[in-house]
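Undergrad: Take a look at this one; I'll ask things after.
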Amino acid sequence: MRKDPPHGFGIVASTPNVMEQVLTDNPALTRSILGIADPEEVLRRLDAFCEMHLGSKVVEVLYCGLSSGASFGLLLRDGQRIFLKAHPLKRPTDYLRAVHTVQGHLHERGFPAPRPLVGPAPFSIGLATVDEFVDKGETPDGHDPRVRRTMARTLYRLIELAGEVKEVRGLHRGWNWPEPEELWSEPHNALFDFEATAEGARWVDELAAEAKAVVDGFEGGEIVIGHADWSVDQMRFEGEEVAVVYDWDSLRPEKEVVIVGIAASNFTSTWYAEKPDPPSPTETRLFVEDYENARGAAFSEGERRAIAGAAIYAIAYIARCEHALDLDGDRLEGSFREALPVHADAYFRSGSLGEV
């Protein structure tokens, strides 16, 4: 079993008694999403939901994970293998419905997105969605140049296909880039309290503010529908091709430069491993170049500055989350806190911001 990695972005397990172990070991996070932390009651509610919406009860829990939501891989009595994600109370219904629409279109067009089965429906204190459970392939090494190129190309393909969906009302109600007067949006789960852990994090906030000012000052830029958690932990590969992409409630409409910058900043990251494994500045630059090759057009100097700003801001956000769980800096090695000043030197202090 793997659980509660040092950087704290998610807790996951895939061994016997997975649900009981994950939920009881992380009661505060579980309650923030489900309103309860008792595994037996959670299973009862899963049973009732699956019987109502899929016509069959649960016979085995294949997987359980906690992060921005509570995720369950379930085997049903009739043989269906499903992935149920329970979303927190604050997640709007129309946003999840729009995600369901875009994901369904991508699946129909042959993109490696699991087929959505059940749109947002009441579950526990919030809502749940259901997809097919797809676990084929393996998690790749994001530092492999072949993997990097495939990930960049696949991101562009996603954006192309998502652009075919004309009605995405509500999709803007997911996570959005903070307003100019804001530094941070609300953290993505209850593990992170930025206000209570501000001491010692001023340097992160200052770099985030500097990077955000670059993005906020960028005028124009195409709005696309993209995936804002484009990391190797959110996909599996078969050979050199992507077999499946997960975490579809990371879809959002955003400027292309922001989507690309965020992806370039953490595409190598392994959120459930001992170290998050961020990319180097060179790998970040090469990811952007790979994306440009797939796009068939280079970004302008202004766009590349905005991409760099978005990348540094995303790294700073992760660094801030790490700090919230490790105030003494005991887990610095291999972290985004360690990577942040390196990237900042590459893009800000060296004067080479335009050279992502």
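Read the figures in this text as sums done on the coordinates, not as results from a lab. Note that this is a predicted model, so its numbers are computed, not measured. Neighbour counts are summed over all protein chains in view; Cβ atoms, including those assigned to glycine, are modelled from backbone coordinates with ideal geometry.
Undergrad: Per residue of the range 241-252, in order, report the coupling 6.51 cos²θ - 1.76 cosθ + 1.60 (Karplus, θ = phi - 60°) as ³J(HN,Hα) in whole Hz, putting x for Gly and Pro.
TA: Running phi through 6.51 cos²θ - 1.76 cosθ + 1.60 with θ = phi - 60° gives 10, 6, 8, 7, 10, 10, 6, 6, 7, 8, 5, 6 Hz.
Undergrad: Moving to a separate point now. Do any trypsin sites (Lys or Arg not before Pro) in the range 28-59 lie in a DSSP loop with no more than 12 other beta carbon atoms within 10 Å, and if so, which?
TA: Here no trypsin sites (Lys or Arg not before Pro) fit, given the DSSP loop and packing criteria.
Undergrad: Let me ask something else about it. Using 7 Å Cα-to-Cβ label points, what is the Arg115/Asn176 separation (nm, one decimal)?
TA: The answer from the label model is 3.5 nm.
Undergrad: On to the next question. Which of these values of P(r) over Cα pairs in 20 Å bins from 0, in percent was calculated from the structure shown: (1) 30, 61, 9, 0; (2) 27, 57, 15, 0; (3) 32, 56, 12, 0?
TA: Here P(r) over Cα pairs in 20 Å bins from 0, in percent agrees with entry (1).
Undergrad: Among the GluC sites (Glu not before Pro) in the range 126-199, which ones are in a DSSP loop with at most 16 other Cβ atoms within 10 Å of the Cβ? Mind listing them?
TA: In loop regions of the range 126-199 (DSSP not H, G, I, E or B), the sparsely surrounded GluC sites (Glu not before Pro) are Glu164, Glu167, Glu181, Glu182, Glu195, Glu199.
Undergrad: So how far apart, in nm, are the two label points at Thr24 and Arg44 if each is 7 Å from Cα heading toward Cβ?
TA: My value for the distance between the label points is 1.7 nm.
Undergrad: Under 8 Å for C-alpha pairs, at least 6 residues apart: give me the relative contact order for the chain, rounded to a whole percent.
TA: 17
Undergrad: Given H placed 1.01 Å from N in the peptide plane, which residues other than close sequence neighbours of Leu251 have an amide H under 5 Å from its amide H?
TA: Sorted by chain and number, the residues that satisfy this are Ala228.
Undergrad: Same structure again: Subtract the Cα-Cα distance of Glu51 and Arg202 from 0.36 nm times their separation in residues, and report this length gain in nm to one decimal.
TA: Taking 0.36 nm per residue and subtracting the Cα distance, the gain is 49.4 nm.
Undergrad: Next up: For Glu108 and Ile125 in the same chain, what is the full-extension length gain: residue separation times 0.36 nm, less their Cα-Cα distance, in nm?
TA: Extending this stretch completely gives an extra 3.0 nm.
Undergrad: Hydropathy at least 1.0 by Kyte-Doolittle, axial extent at least 27 angstrom from the Cα trace: which helices of the chain, defined as entire DSSP H runs, fit?
TA: Result, helices passing both filters: zero.
Undergrad: Show me the ranking of peptides 59-69, 88-98 by mean Cβ neighbours inside 10 Å, starting with the highest.
TA: Ranking, from highest mean packing down: 59-69, 88-98.
Undergrad: To make sure I understand the rule: partners must be lysines, Cα under 28 Å from the Cα of Lys255, and not fewer than 8 residues away in the same chain. Which ones qualify?
TA: Within reach: Lys85, Lys90, Lys166, Lys212.
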